[in-house]
Structure formats: C-alpha cells, structure tokens
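Report on one structure; see the data block that follows.
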Amino acid sequence: MVLASVLTGVGAAADPPATPAATSAPAVAVIAVKVDDDTFRCIRKMTPVRHFYVDNLLGNLAGTLAAANAPGGAVYPAGSVVQLVPTEAMVKREAGFSPATGDWEFFELDVTATGTRIVKRGFAEVNNRFGKNCFACHAPARDPWDFVCETTHGCEPIPIDHQMTGALQRSDPRCGEPVPEDGDGMALFKLKAMVFLGGRRAIKKNIF
C-alpha cells in the first residue's frame, strides 16, 4: 500500500503557485474646467508675467507661473488662463479636451464696466480683432512653449506693440477708472484706426 502510494505520486504535477490578483493603477480624477462669462475679470487683478497676465481657475496659480517663467518652456497645468489684452483669452481645459490644441480653448470677449460676455469660443475657429486665426497664430509655439506666444516663440507677429497692449490693459473698463501712462492715448488711437482699416479690408474681401 505504501509502495503503491509512492508510485502513484511519481510524476504527478505539483499545484502551480497561486497567481496574485491583478492590481489596476489608481484612476486619476480629471477635474472639469468650467468657463463662462463670470470666469473673466479685470485683467489687472490677474498676475502679471512680463507683458501679459495669467491666472488659474483650479487654484494652481503656482503651476501656471512656473510654466510661464520656465526658461526653456513648459506645459501649463489645467485651469491656466493667459491674456495679453482684455478682449481675448486662452484657457487650458482638462486633459484630453482638445489634443490638437494642447487642450487650450480660445475666447473672444466683449468687456464693459458691468462685466464680460463671451462672444465666441472654440479651437480652430476663433479669430482675433485683426481677423487672424488664434490657433494658426499660436501653433508655431506648440513645442516647447505649449502654444503660448511671446516675441521669440515663433508665432506669427501681430501688428501691435507693447505700448498698445499695455494701454488696453490699463484701460480695461472692468477695472474701474483707467490708469493711463504717457503715450497711451496715441497708442489707443492708432489701435482703433488699425482695427477700423482691418475691418474695411475684410468687408471688401468678402464682397469682391
């Protein structure tokens, strides 16, 4: 009986070791970035970085500032808001919202003393006040600047200078009384003339 038991066990396969249960990586919560008229405020209440202003709708202003000040460029965190002038903005939406634009959404704004109204929003279909497509202008700065334009980032130049953008910032009607500097009056006059002429050209182009 003992021999039979031993022979029976010869060549019998041992039970395989138990396979540990597969563990999935913890899901990363994606926080939606809500953007409406109330999102935008007096540009001078945002944080200045060189000649533009930034904010973060999710409270991560430190991350936005780190990206804006990175010497070699960096990816901005979700919730970042970048504005050069009161009437235009770009907002970094949640991850995966618009991969083609680096998750940036572009906005054309109407601003008055009573607040902000979103005139147009989107990705490849929003134009600036000179009729230039926002995404097309920002696309050359994709890497490593995360689509954020500055003078040396390869973006298509816009026909205004820092005096003009500064004058617009200092006269944002949502901020109360303007805080003009020398030369702002002439800069705003030139800017209005350029916008008027640009509009006339666009009308002629559409007609003819």
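The values are calculated or read from the model by the stated rules, or taken from the named source; none is laboratory data. It should be emphasised that the depicted structure is a prediction, and the values quoted were computed from it without experimental measurement. All Cβ positions, glycine included, derive from the backbone under ideal geometry; neighbour counts span all protein chains shown. Ligands, DNA and RNA are stripped out before the accessible areas are found, and what is left, the full protein with its side chains, is counted by its heavy atoms. Shrake-Rupley method; radii C 1.70, N 1.55, O 1.52, S 1.80 Å.
Structure values in brief
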| item | result |
| --- | --- |
| Which numbered condition GLY115 fails, given (1) touching a residue at least 12 places away in the same chain (Cβ under 8 Å); (2) farther than 21 Å from GLY79 by Cα; (3) of a type outside the set (A, V, I, L, M, F, W, C) | (2) |
| Any hit, segment 63-70, residues being among the aliphatic types (A, V, I, L, M), over 25 Å from PRO140 (Cβ atoms) and modelled with pLDDT of 95 or more | no |
| Of all residues making up segment 155-181, the number that are farther than 22 Å from CYS42 by Cβ and out of contact with any His (no Cβ under 8 Å at 6 or more places or on another chain) | 5 |
| Among (1) of a type outside the set (S, T, N, Q); (2) more than 14 Å from the chain's Cα centre (by Cα); (3) modelled with pLDDT of 95 or more, the one test that LYS92 misses | (2) |
| Exclusive hit being over 20 Å from ASN128 (Cβ atoms), modelled with pLDDT of 95 or more and either among the β-branched types (Val, Ile, Thr) or open to solvent by less than 60 Å² (accessible area, probe 1.4 Å) (or both), set PRO48, PRO77 | PRO77 |
| Where a residue in segment 71-99 is at negative phi and its partner, wherever it lies, is hydroxyl-bearing (Ser, Thr, Tyr) and surrounded by fewer than 21 Cβ atoms within 10 Å (Cβ to Cβ), with Cβ under 7 Å and at least six apart | LEU84/THR165; VAL85/THR165 |
